[in-house]
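Novice: My structure is below; once you've seen it, I'll send some questions.
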Amino acid sequence: MKKDPITNEIYDYLMNQPKLTKSPKSVYYRNRISITLLYYTGLKVNELCEITWKDLKTALESGILTINQPKTETYKTIRLSPDAIKALANLEKELHYIFRNQDD
């Protein structure tokens, strides 16, 4: 069953939610990055979980996001729109925070 994409209004609402005081920064940042990737790319949640810092860094530089699909041993390639690149670039501080323990 195909689901309707979220509207701009819902995306803006989700992205403008304040960080809960008891919630760790990492959870808040992870959620914002996940929402942005899901909104702009149409990825499935399981595909989102496969993305690494290297994938995102390369995507910001090239405009192409490549996702490893281990179940089928294939790759999925998504061309990012200029709006998606801009949105992810605006979250760069959050990206570095979430992926701070990963190697390039």
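Novice: Can you pull out every residue in segment 30-54 that is of a type in the set (Lys, Arg), loosely packed, with under 14 Cβ neighbours inside 10 Å and either free of Cβ contacts under 8 Å to residues at least 12 places away in the same chain or farther than 19 Å from PRO70 by Cα (or both)? Break it down into steps so the answer makes sense when it comes.
Specialist: Start the filter on segment 30-54 by keeping residues that are of a type in the set (Lys, Arg), which leaves 30, 32, 44, 54.
Those left that are additionally loosely packed, with under 14 Cβ neighbours inside 10 Å: 44, 54.
Scanning segment 30-54 gives a single hit, LYS44.
Novice: Follow-up. Only one of these is more than 11 Å from the chain's Cα centre (by Cα), in a helix (DSSP H, G or I), in contact (Cβ under 8 Å) with a residue 12 or more places away in the chain and surrounded by 15 or more Cβ atoms within 10 Å (Cβ to Cβ): LYS76, LYS57. Name it.
Specialist: So the residue among LYS76, LYS57 that is more than 11 Å from the chain's Cα centre (by Cα), in a helix (DSSP H, G or I), in contact (Cβ under 8 Å) with a residue 12 or more places away in the chain and surrounded by 15 or more Cβ atoms within 10 Å (Cβ to Cβ) is LYS57.
Novice: When THR77 is evaluated against the numbered criteria (1) out of contact with any Ser or Thr (no Cβ under 6 Å at 6 or more places or on another chain); (2) farther than 19 Å from ARG32 by Cβ, which criterion, by number, is the only one it fails?
Specialist: Going through (1) out of contact with any Ser or Thr (no Cβ under 6 Å at 6 or more places or on another chain); (2) farther than 19 Å from ARG32 by Cβ one by one, THR77 breaks only (1).
Novice: Within segment 11-29, work out how many residues are among the β-branched types (Val, Ile, Thr) and either surrounded by 11 or more Cβ atoms within 10 Å (Cβ to Cβ) or touching a Phe, Trp or Tyr at 6+ places or on another chain (Cβ under 7 Å) (or both). Quick ask: steps written out before the conclusion?
Specialist: Keep residues of segment 11-29 that are among the β-branched types (Val, Ile, Thr), which gives 21, 27.
Applying the additional criterion that residues be either surrounded by 11 or more Cβ atoms within 10 Å (Cβ to Cβ) or touching a Phe, Trp or Tyr at 6+ places or on another chain (Cβ under 7 Å) (or both) yields 27.
Summing the residues that are among the β-branched types (Val, Ile, Thr) and either surrounded by 11 or more Cβ atoms within 10 Å (Cβ to Cβ) or touching a Phe, Trp or Tyr at 6+ places or on another chain (Cβ under 7 Å) (or both) in segment 11-29 gives 1.
Novice: Right, something else. Determine whether segment 16-29 contains at least one residue that is on the phi < 0 side of the Ramachandran plot, at pLDDT 90 or above, outside any loop (DSSP other than H, G, I, E, B) and among the small types (Gly, Ala, Ser).
Specialist: No - not one qualifying residue is present in segment 16-29.
Novice: Evaluate segment 60-67: report whether one residue or more is of a type in the set (A, V, I, L, M, F, W, C), surrounded by 10 or more Cβ atoms within 10 Å (Cβ to Cβ) and modelled with pLDDT under 85.
Specialist: No, segment 60-67 contains no residue that is of a type in the set (A, V, I, L, M, F, W, C), surrounded by 10 or more Cβ atoms within 10 Å (Cβ to Cβ) and modelled with pLDDT under 85.
For every residue, the table says whether it meets (1) among the polar types (S, T, N, Q); (2) in a helix (DSSP H, G or I); (3) within 13 Å of the chain's Cα centre (by Cα).
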site	(1), (2), (3)
ILE10	no, yes, no
LEU14	no, yes, no
LEU38	no, yes, yes
LEU43	no, no, yes
GLU50	no, no, yes
ALA89	no, yes, yes
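The values are calculated or read from the model by the stated rules, or taken from the named source; none is laboratory data. Since this is a predicted model, take the numbers as computed values, not measurements. Virtual Cβ from ideal backbone geometry, glycine too; neighbours counted across all protein chains shown.
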